Amino acid sequence: MTSKTTVKTNVGNFFEDFRVGQHLVHAPPRTVTTGEVALYTALFGSRFAVNSSDPFAQALGLPRAPVDSMLIFHLVFGRTVADISLNAIANLGYAGGVFGVPVYPGDTLSSDSRVIGLKANKDGKTGVVYVRSTGVNQHGQTVLDYRRWVMVKRAVKKAVKERDLDAAAPETVVPELPAAVPVAELHCPYTLAPGSFDTARSGAEFLWDDYMVGERIDHVDGTTIEEAEHMLATRLYQNTAKVHFNQHVEREGRFGKRIVYGGHVISIARALSFNGLANALNVAAIHGGRHSAPSFAGDTIYAWSEILGKDALPGRSDIGALRIRTVATKDRACHDFPGLDATAADPAVVLDLDYSVLMPRR
Amino acid sequence: MTSKTTVKTNVGNFFEDFRVGQHLVHAPPRTVTTGEVALYTALFGSRFAVNSSDPFAQALGLPRAPVDSMLIFHLVFGRTVADISLNAIANLGYAGGVFGVPVYPGDTLSSDSRVIGLKANKDGKTGVVYVRSTGVNQHGQTVLDYRRWVMVKRAVKKAVKERDLDAAAPETVVPELPAAVPVAELHCPYTLAPGSFDTARSGAEFLWDDYMVGERIDHVDGTTIEEAEHMLATRLYQNTAKVHFNQHVEREGRFGKRIVYGGHVISIARALSFNGLANALNVAAIHGGRHSAPSFAGDTIYAWSEILGKDALPGRSDIGALRIRTVATKDRACHDFPGLDATAADPAVVLDLDYSVLMPRR
Amino acid sequence: MTSKTTVKTNVGNFFEDFRVGQHLVHAPPRTVTTGEVALYTALFGSRFAVNSSDPFAQALGLPRAPVDSMLIFHLVFGRTVADISLNAIANLGYAGGVFGVPVYPGDTLSSDSRVIGLKANKDGKTGVVYVRSTGVNQHGQTVLDYRRWVMVKRAVKKAVKERDLDAAAPETVVPELPAAVPVAELHCPYTLAPGSFDTARSGAEFLWDDYMVGERIDHVDGTTIEEAEHMLATRLYQNTAKVHFNQHVEREGRFGKRIVYGGHVISIARALSFNGLANALNVAAIHGGRHSAPSFAGDTIYAWSEILGKDALPGRSDIGALRIRTVATKDRACHDFPGLDATAADPAVVLDLDYSVLMPRR
């Protein structure tokens, strides 16, 4: 009976199950609606006008309010979990993330991944899996394309003898990861008549021209995470990673409690960043990112940002790109920019994200 | 003043208020939208592709993604509470539940019930009320038809003397309850071209043909319930049963805390069952069900299933039915199928559900 | 660097920043969808049929189910917070609130305010700001127009010497506030054929004619507030007042915990009032209101109402107005109408609201 009773269940892929070049088709496709959008607003309190108002978006040349960039990210990412990171120990990093065509309510997103690298760890128990994941809409247009690498467990049964480990380990392939998405690859879906951007209704007067490289912004506010909130959010994305949901198991685990999905902190930080970056229309690229420490229910998240770069978009005088480093902390206000020295670990830092946003120019 | 100040309030029906044959019109009608669907996803993390994606549903011959069967159940059920179970002590069972035409966002559901049985309990304080409840859409088409029986309090003022009790008690009528919904009564809204079902995007390769009667599946994962979650869900259905919402009263009650709506556990179990039953397109019938024990915030729900039967649908080679027993537990993993012997009570078991799903055939 | 790093952030307006006659344009505009409506149902469990069902609303002459009055209030209010009450200590009162054209899913709401009064407090640290705020839809039609007054902090740097305080204080202007919205100003969007109102599906038989001035109704039920719930609700409205969200700061504050947005209690009270006032189609006016005491997660809210007045609408025999006082309490049932004597403070009372609803006549 044993074989019959286990064969139907997805136990997830272990490190040995991946092959470089392998193509993974993720399930299920997901039709995004205004229901998801409203929940996302309630979960994070985001106030970016372009995502909040159809007429505001139409004044930027869009048919209606597009879905928030990070909601797209979570939905595309969420689909990949059952195949890639069900047996992950840690989400190690992101690179080369490019957002494509906007997503509107009614669009259906599907995700696929290709394994682009594998590296067994010396402990014999884990390995690093590098994937390039792509989200497309119902027309096959790319909405997001990004790399991530995760530390994945090896199947226990194989981790017995070192010789076996060596035999089972695939050839190490560490992919070349882009240090940044080139400006020429950023998608800009807006068309903006000169002087037409409504800063009264966007919530702040500051445009691309007003930011300086090296400028730092404390986003001031803090948001405390509740168990119900991070679980609602993570399920909204159909992300099924076990550590977020099962207190019965986690109370015996490393931390004694459920771990908050790292992307939850990204969304909190992006929502907090409205206060200082209100005219960042969307995230156009994620150059890199690191969840420096886990977050838990009860933590209060703060954030600050530094302007890393200002990029004109080729052939565009209406919109420019800002490259931004946003650092999020827990239970630590950000007036003095904790984690400013990225080379020295600050125990309060939970997120260090390097990304580009699009912003209207004067 | 006293009479004026109490007459407007619905105190709910007590056992003496019911009559066999009585027709109850429930309020209010409810238009279901993508908002409800998104919230349901966030509350349970369900991943069944047909409910998740419009194009996936269209490939099955539907106009768009239908509403999850159990959300229909909860919405139809929720309407009945104010008239039937506001003074209920326990929801004793379900039988003969048949799902009719699919429900799509934009449809409006109304519920009606007929009292089909009454049985006073010997304690003089309670009685069992049997009802047949029907949910219809705005076209009058049946979306769900089921029987349930509940233990309802007698009005306190009448429960004074035994002689009065006897006088007040209606004639006992125990209705004949179907042991199972006949296969010929299952509704199958799908049309599936041979070989066209997309198992890559549905999340699992196993179809109707691959399941065996007697096969058991541990659904592996566990979900911890939070107070905010079960209350959000139960209010989403406009189910107003007091015990779920009022800690000020419940802290003095039997358990010292709010009781989770039993249907919440059904939805968790159905969502967990994706892992092993991913291609169960919908619940077509609920043959029977029992909430064996109450659940509370903080409980972690697990589930396992046994295939009780395989039924071909008359005249259909594309879709078949699986009759399934799903058992849910709290704070108890299901690798060894707790409650397997249904005749011996297992304290960890909180739900024992007997139902049929539709699944594509090879 | 200091100047560069703070200038982009909105620290909110302090008392000295306001001028009588000042016009404030609030951000961002907000497109309301069925997503918001579903979340509102899940948060409060409201069962008013006109908001729950498109066909029910159509039978009242509306194109579809309108958005609940109090959701409109919260959305219009939410927009004003960043400009008016980010540095508020207390929301002191409401007056002259008139709801205009109905709001339907798909409408986009914008808010503007005018400062109509200012009064420095003698403590030199605070002042009262009176504003008249207006919410309009995408056609420029007014959906809500109301006055509120809030106690706002003065900027710390100016609160040094009494002489400076006098110098900095603006001339006191206390606006004339309407004691009540005149009946002639109430908007009635319904058209109701005689005898056509469906009391079976609305949930109660009592119509305008059945209520008596002086009648009191205990709404019976109680609802316990969870942290996740009030934060989800308040963020849904994009209300960013800090005290609701940041436990890291609030645990050092006055109460040691986050304060629930006062409007959350209004919505709970309105939802509870269904039991006794089920045929109140909408709130047409808010004559006055006071949050008598703060509420916190864990509090259980109860409510009772008194009929203050019955007003025929000019030229209308199908619909009438009821003027109602609704009192909400925490951790205190309302069978004996706590706070009945409004002049004697009752520590259990958290809300005292004076408003008018529209209700079908016989």
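The values are calculated or read from the model by the stated rules, or taken from the named source; none is laboratory data. Everything numeric in this text was worked out from a predicted model, so none of it was measured. Note: ideal-geometry Cβ built from the backbone for every residue, glycine included; neighbour counts use all protein chains shown. For accessibility, only protein heavy atoms count, side chains too; no ligands or nucleic acids. Shrake-Rupley method; radii C 1.70, N 1.55, O 1.52, S 1.80 Å.
Give the residues of the stretch C:341-359 that are within 23 Å of C:ALA285 (Cβ to Cβ) and either among the β-branched types (Val, Ile, Thr) or modelled with pLDDT of 95 or more (or both), sorted by residue number.
Matches in the stretch C:341-359: C:VAL349, C:VAL350, C:LEU351, C:ASP352, C:LEU353, C:ASP354, C:TYR355, C:SER356, C:VAL357, C:LEU358, C:MET359.
In this structure, does B:PHE245 turn out to be modelled with pLDDT of 95 or more, open to solvent by 10 Å² or more (accessible area, probe 1.4 Å) and within 23 Å of B:TYR40 (Cα to Cα)?
Taking the combined requirement at face value, the residue satisfies it.
Which condition number in (1) over 29 Å from C:TYR190 (Cα atoms); (2) assigned to a loop (DSSP other than H, G, I, E, B); (3) without any contact (Cβ under 8 Å) to a residue 60 or more places away in the chain is the one that C:PRO63 fails?
Failed condition: (1).
For the structure I just gave you, tell me whether A:SER295 is of a type in the set (Ser, Thr, Tyr), within 28 Å of C:LYS242 (Cβ to Cβ), crowded, with 18+ Cβ neighbours inside 10 Å and in contact with a helix residue (DSSP H, G or I) (Cβ under 6 Å, 6 or more places away or on another chain).
yes
Considering each of C:ALA90, C:ALA59, C:ALA38 in turn, give the residue that is over 23 Å from C:GLY140 (Cβ atoms) and modelled with pLDDT under 95.
C:ALA90
With of a type outside the set (S, T, N, Q), away from every other protein chain (no Cβ under 13 Å) and over 30 Å from A:HIS219 (Cα atoms) as the only criterion, which of C:ALA333, C:ALA280, C:ALA269, C:ALA303 stands out?
Within the list C:ALA333, C:ALA280, C:ALA269, C:ALA303, the selection yields C:ALA269.
Considering the stretch B:315-337 alone, what residues qualify as being small (Gly, Ala, Ser) and within 16 Å of B:GLY276 (Cβ to Cβ)?
Hits for the stretch B:315-337 are B:ALA328, B:ALA333.
How about the stretch B:55-75: which of its residues are at the interface with chain A (Cβ under 9 Å from one of its Cβ atoms) and surrounded by fewer than 22 Cβ atoms within 10 Å (Cβ to Cβ)?
Across the stretch B:55-75, the qualifying residues are B:PRO55, B:ARG64.
How many residues does the stretch C:223-234 hold that are in contact with a strand residue (DSSP E or B) (Cβ under 9 Å, 6 or more places away or on another chain) and open to solvent by 10 Å² or more (accessible area, probe 1.4 Å)?
Total meeting the criteria: 2.
Evaluate the stretch A:90-108: report whether one residue or more is within 19 Å of B:ALA200 (Cα to Cα), small (Gly, Ala, Ser) and touching a residue at least 40 places away in the same chain (Cβ under 8 Å).
Taking every residue of the stretch A:90-108 in turn, none turns out to be within 19 Å of B:ALA200 (Cα to Cα), small (Gly, Ala, Ser) and touching a residue at least 40 places away in the same chain (Cβ under 8 Å).
Of everything in the stretch B:258-306, what is of a type in the set (Val, Ile, Thr) and out of contact with any Ser or Thr (no Cβ under 7 Å at 6 or more places or on another chain)? Give them in sequence order.
Within the stretch B:258-306, B:ILE259, B:ILE266, B:ILE286 meet the criteria.
What strands (runs of 3 or more DSSP E), lying completely within the stretch B:90-155, carry at least 2 residues that are more than 29 Å from B:ARG64 (Cα to Cα) and open to solvent by 30 Å² or more (accessible area, probe 1.4 Å)?
B:108-120, B:142-153
Filter the stretch B:45-54 for residues that are within 7 Å of another protein chain (Cβ to nearest Cβ) and either aliphatic (A, V, I, L, M) or part of a helix (DSSP H, G or I) (or both) and give the result.
Of everything in the stretch B:45-54, those that are within 7 Å of another protein chain (Cβ to nearest Cβ) and either aliphatic (A, V, I, L, M) or part of a helix (DSSP H, G or I) (or both) turn out to be B:ALA49, B:SER52, B:ASP54.
Just for the stretch A:35-54: of the residues that are open to solvent by 10 Å² or more (accessible area, probe 1.4 Å) and among the β-branched types (Val, Ile, Thr), which one is nearest to C:ALA233 (Cα to Cα)?
A:THR41
Consider C:MET212 against the criteria (1) open to solvent by less than 20 Å² (accessible area, probe 1.4 Å); (2) more than 14 Å from chain A (Cβ to nearest Cβ); (3) not hydroxyl-bearing (Ser, Thr, Tyr): it satisfies all of them except one. Which criterion is unmet?
Going through the list (1) open to solvent by less than 20 Å² (accessible area, probe 1.4 Å); (2) more than 14 Å from chain A (Cβ to nearest Cβ); (3) not hydroxyl-bearing (Ser, Thr, Tyr), C:MET212 breaks only (1).
Considering only residues that are assigned to a strand (DSSP E or B) and open to solvent by 30 Å² or more (accessible area, probe 1.4 Å), look in the stretch B:310-351 and name the one that is nearest to B:ALA180 (Cα to Cα).
Filtering first and then ranking leaves B:ARG323.
What number goes with the only condition from (1) more than 15 Å from the chain's Cα centre (by Cα); (2) of a type in the set (D, E, K, R); (3) at pLDDT 95 or above that B:ARG325 does not pass?
(1)
Where the second residue is in a helix (DSSP H, G or I) and crowded, with 21+ Cβ neighbours inside 10 Å and the first is facing chain B (nearest Cβ under 9 Å) and among the β-branched types (Val, Ile, Thr) and lies in the stretch A:226-255, which pairs have Cβ atoms under 7 Å and are six or more apart or on separate chains?
Matching pairs, first to second residue: A:THR234/A:HIS244; A:THR234/A:HIS264; A:THR240/A:VAL81; A:THR240/A:ALA82.
Limited to the stretch A:298-309, what total is found for residues that are assigned to a loop (DSSP other than H, G, I, E, B) and open to solvent by less than 30 Å² (accessible area, probe 1.4 Å)?
Residues that pass the stated criteria total 1.
Residues are listed down the side, and each one gets a yes or a no for (1) within 8 Å of chain A (Cβ to nearest Cβ); (2) touching a His at 6+ places or on another chain (Cβ under 6 Å); (3) open to solvent by less than 30 Å² (accessible area, probe 1.4 Å); (4) at pLDDT below 95:
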| site | (1), (2), (3), (4) |
| --- | --- |
| B:ALA193 | no, no, no, yes |
| B:SER196 | no, no, no, yes |
| B:ALA200 | yes, no, no, no |
| B:ALA204 | yes, no, yes, no |
| B:ARG216 | yes, no, no, no |
| B:HIS219 | yes, no, yes, no |
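Would you point out the residue of the stretch C:27-44, among those that are at the interface with another protein chain (Cβ under 7 Å from one of its Cβ atoms) and assigned to a loop (DSSP other than H, G, I, E, B), that is farthest from B:LEU39 (Cα to Cα)?
C:ALA27
In this structure, is A:ALA297 closer than 22 Å to B:ALA233 by Cβ, without any contact (Cβ under 8 Å) to a residue 24 or more places away in the chain and aliphatic (A, V, I, L, M)?
No.
For the stretch C:101-116, enumerate the residues that are touching a His at 6+ places or on another chain (Cβ under 8 Å) and within 13 Å of chain A (Cβ to nearest Cβ).
Selection gives C:SER110, C:SER111, C:ASP112, C:SER113.
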